[in-house]
Amino acid sequence: MIRSFSDFPLRKQHTFGTEATARHYFEFTETEDLQGYIETSTDWKKLPVLILGEGSNLLFVNDFPGLIINPNIPGITIVHEDRSNIWLEAGAGVVWDDLVEYAVFNRWGGIENLSLIPGKVGAAAVQNIGAYGTEIQHRIESVTGFDLETQTEYTIDAADCQYAYRNSIFKNELKNRFIITSVNFKLDKFPEFILNYGDLKAETEKLGDITLRNIRKAVIRIRESKLPDPKIYGNAGSFFMNPVVESSAAEQLLKVHPAMPHYPAPDGRTKLAAGWLIEQCGWKGFRRGDAGVHEKQALVLVNYGNASGKEIFDLSEEIRQSVFSKFGVTLNREVNVISD
Ligand code: FAD
Ligand code: EPU
């Protein structure tokens, strides 16, 4: 099935819920539909392209003057299994949390800590989604997609996806060029649970035995207590990434701010908590018009109704500036800002 429109309103296509339009919009459910479109239309050659999932990590500052391509490919299939593991292939358009629910229901472990993260499977592999002590890179075997530049379909092994904290090859050299159509995952039949993040262990124990189902329930409870539901207040989760700084810089900051949360980063540097830094600058709960900072999580910017993308973007820049002035730390955006 395909859906193709011009001057397409985007408000319902992204979770910030701001007004914007796309000059052209093309959604498909089978890779052959995309190949047909590429052969018959020239729009994608002349115009900027944006690949869209559920729009839960995007901020449109302006109307999008190009072509939006939405690979809404459904389906979860079992590729292979042995005594210990199961390999699944999921279409790029599968709702991420539907895949988690399916895995937990079948008692296959590895992605339960990533429960309730919004978005689609395709984008999960782009963003290297992470939460509660794990990242999806550890469960991805390979990623298949269609390269607009070479007009070929190919598969990339996880080892070649350049995965890092909220980063991958798909956010860099293959950005808006490689349309992910499916992702292969490897899950465990005898999972080892990851419970060392924050209150996760304690919250799971409150529910009874430590099982995949109870971990999923606990993650959902914690998330619902902190993060705004985009169906109620437009948002895109953490607006910024947690900054990773040299350990010597973190030590200097800790002398002045001994309560500052900090964690070892894989490369010997130190990760700081952007939410804490922003809260210390006084932004938590701030609201100007309909653009604001969530009252329970300062890392989440919110559209309380009719904020424009520009108002949210301007607020984010003020926040970034004030964190730099107070702490000398630069915040990099996690949200993909779409502007001219
Ligand atoms: P989109 O926002 O549509 O796209 C994201 C990026 O991926 C864009 O650059 C887009 O061009 C690209 N892209 C999308 N699909 C494809 C494809 N098929 N092929 C190639 N490129 C593609 N993220 C976390 O990591 N951890 C969290 O805990 C978390 N919590 C969140 C909580 C809330 C309330 C919200 C609103 C967001 C949260 N996020 C979190 C961010 C977001 O859910 C993830 O980044 C998610 O993977 C985005 O999926 P999407 O389908 O909405 O992608
Ligand atoms: N904190 C504050 N004030 C705040 C928010 C947080 O002081 O307003 C402190 C907390 O007290 C804690 C620390 O900051 O000491 C970390 O907070 P939290 O556990 O809520 O996690 P986070 O670093 O703010 C990250 C991810 C989330 C993910 C959670 C859980 C990033 C940018 N964000 O948030 O991912 O769900 O950890 O693992 O890495 C997302 O990417 O969109 C997202 C929501």
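Scanning segment 171-189 finds no residues that are more than 19 Å from the chain's Cα centre (by Cα), farther than 25 Å from residue 74 by Cα and polar (S, T, N, Q).
When segment 176-198 is limited to residues that are loosely packed, with under 14 Cβ neighbours inside 10 Å and within 12 Å of ligand 2 (Cβ to nearest atom), the one that is modelled with the lowest pLDDT turns out to be 198.
Residue-level analysis places residue 315 outside the set of residues that are more than 30 Å from residue 66 (Cα to Cα) and either among the polar types (S, T, N, Q) or at pLDDT 95 or above (or both).
Using the structure shown, decide if residue 251 is surrounded by 18 or more Cβ atoms within 10 Å (Cβ to Cβ) and among the acidic types (Asp, Glu). Taking the combined requirement at face value, the residue does not satisfy it.
Listed here are the residues, each with its yes/no results for (1) over 30 Å from residue 37 (Cα atoms); (2) within 8 Å of ligand 1 (Cβ to nearest atom); (3) over 20 Å from the mean Cα position of the chain (by Cα).
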position: 66; (1), (2), (3): no, no, yes
position: 85; (1), (2), (3): yes, no, yes
position: 144; (1), (2), (3): no, no, no
position: 148; (1), (2), (3): no, no, yes
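As a summary of the residue check, residue 247 satisfies the conditions (1) in contact with a Ser or Thr (Cβ under 9 Å, 6 or more places away or on another chain); (2) in contact (Cβ under 8 Å) with a residue 24 or more places away in the chain except for the one numbered (2). Taken over segment 47-66, the residue count meeting the criterion of being within 18 Å of residue 335 (Cβ to Cβ), away from ligand 2 (no atom under 16 Å from the Cβ) and either among the hydrophobic types (A, V, I, L, M, F, W, C) or assigned by TED's automatic domain parsing to the domain that holds residue 302 (or both) is 6.
Taking the criterion of being part of a loop (DSSP other than H, G, I, E, B) and either within 13 Å of residue 16 (Cβ to Cβ) or within 13 Å of ligand 1 (Cβ to nearest atom) (or both), the residues of segment 326-338 that qualify are 334, 335. For segment 118-144, how many residues meet the condition of being without any contact (Cβ under 8 Å) to a residue 40 or more places away in the chain and farther than 16 Å from residue 191 by Cα? Number of matching residues: 3.
Residue count for segment 220-238 satisfying the condition of being under 10 Å from residue 203 (Cβ atoms), more than 9 Å from ligand 2 (Cβ to nearest atom) and either touching a helix residue (DSSP H, G or I) at 6+ places or on another chain (Cβ under 8 Å) or outside any helix (DSSP H, G or I) (or both): 1. Of the strands (runs of 3 or more DSSP E) contained entirely in segment 247-303, those carrying at least 2 residues that are under 20 Å from the mean Cα position of the chain (by Cα) fall at 270-272, 300-303. Examine segment 199-215 for a residue that is under 22 Å from residue 335 (Cβ atoms), within 11 Å of ligand 2 (Cβ to nearest atom) and surrounded by 13 or more Cβ atoms within 10 Å (Cβ to Cβ), and state whether such a residue exists. No; the residues of segment 199-215 include none that is under 22 Å from residue 335 (Cβ atoms), within 11 Å of ligand 2 (Cβ to nearest atom) and surrounded by 13 or more Cβ atoms within 10 Å (Cβ to Cβ). Residue pairs whose Cβ atoms lie under 6 Å apart, separated by 6 or more positions or on different chains, with the first residue in segment 184-198 and in contact (Cβ under 8 Å) with a residue 60 or more places away in the chain and the second part of a loop (DSSP other than H, G, I, E, B) and crowded, with 16+ Cβ neighbours inside 10 Å, are 185/139; 187/108; 187/110; 188/110; 197/132. Note on segment 90-141: residues that are within 24 Å of residue 71 (Cβ to Cβ), buried (at least 19 other Cβ atoms within 10 Å of the Cβ) and more than 18 Å from the chain's Cα centre (by Cα) total 1. When segment 142-175 is filtered for residues that are charged (D, E, K, R) and either touching an Asp or Glu at 6+ places or on another chain (Cβ under 6 Å) or buried (at least 17 other Cβ atoms within 10 Å of the Cβ) (or both), only 166 remains.
The values are calculated or read from the model by the stated rules, or taken from the named source; none is laboratory data. This structure is a prediction, so every number in the text was calculated from the model and none was measured. Note that each Cβ is placed from the backbone with ideal geometry, even for glycine, and that neighbours are counted across all protein chains shown.
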